[in-house]
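One structure is given below, encoded as structure tokens.
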Amino acid sequence: MRKQTFGAMVAALRKEKGMTQLELAEQMGVTDKAVSKWERDLSLPDVSALPRLAEIFEISVDELMRGKAGTQARDTGERAGALIDVILKGVAVAMGVAVAVLSFLEQIDAKSALGMLGIGLACLAISQLTITITKE
């Protein structure tokens with residue numbers, strides 16, 4: 001999920017309401033150029049205007065201000081999930097390679113090899129499970 005800036009959130013909420021920049025500007029008592037700058041993240045509305053903006057969009061000021069923070073938290077979670085997936089797959093590959101090399105060098109017994117391969121398979125299963133849960 002992409003980060004949503006304040007401007008992107010204002011633009012999305014305005015479009016959900018079927019409003020033009022000019023219509024929002026008139027309701028806010030500003031110019032349409034000001035609304036355009038908000039949406040392009042070139043400026044922000046005055047703090048005293050936030051309650052009116054939230055009222056127009058029928059959300060709380062808190063929801064309006066959390067638009068960016070909420071998406072950043074999700075993005076951080078997605079990056080952490082991707083990192084965990086890579087680590088789990090890396091462990092699985094490492095176990096397979098280790099068993100192959102140690103077997104070739106005749107330095108591992110069957111019980112240890114099966115244990116290491118089991119760990120690798122468990123890591124792959126967990127990786128697949130996290131992908132499935134994330135998609136739902």
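Tabulated data
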{"quantity": "Residue check for A11: assigned to a helix (DSSP H, G or I), within 28 Å of R79 (Cα to Cα) and either touching a strand residue (DSSP E or B) at 6+ places or on another chain (Cβ under 8 Å) or among the hydrophobic types (A, V, I, L, M, F, W, C) (or both)", "calculated": "yes"}
{"quantity": "Residue match in segment 91-102 (condition: in contact with a Ser or Thr (Cβ under 9 Å, 6 or more places away or on another chain), among the hydrophobic types (A, V, I, L, M, F, W, C), outside the structural domain of L129 (by TED's automatic domain parsing) and at pLDDT 90 or above)", "calculated": "no"}
{"quantity": "Residues of segment 1-51 satisfying the condition of being of a type in the set (K, R) and in contact with a Pro (Cβ under 9 Å, 6 or more places away or on another chain)", "calculated": "none"}
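The values are calculated or read from the model by the stated rules, or taken from the named source; none is laboratory data. Just so you know, these numbers come straight off a predicted model, no measurement behind them. Ideal geometry is used to build each Cβ from the backbone, glycine not excepted, and the neighbour counts take in all protein chains shown.
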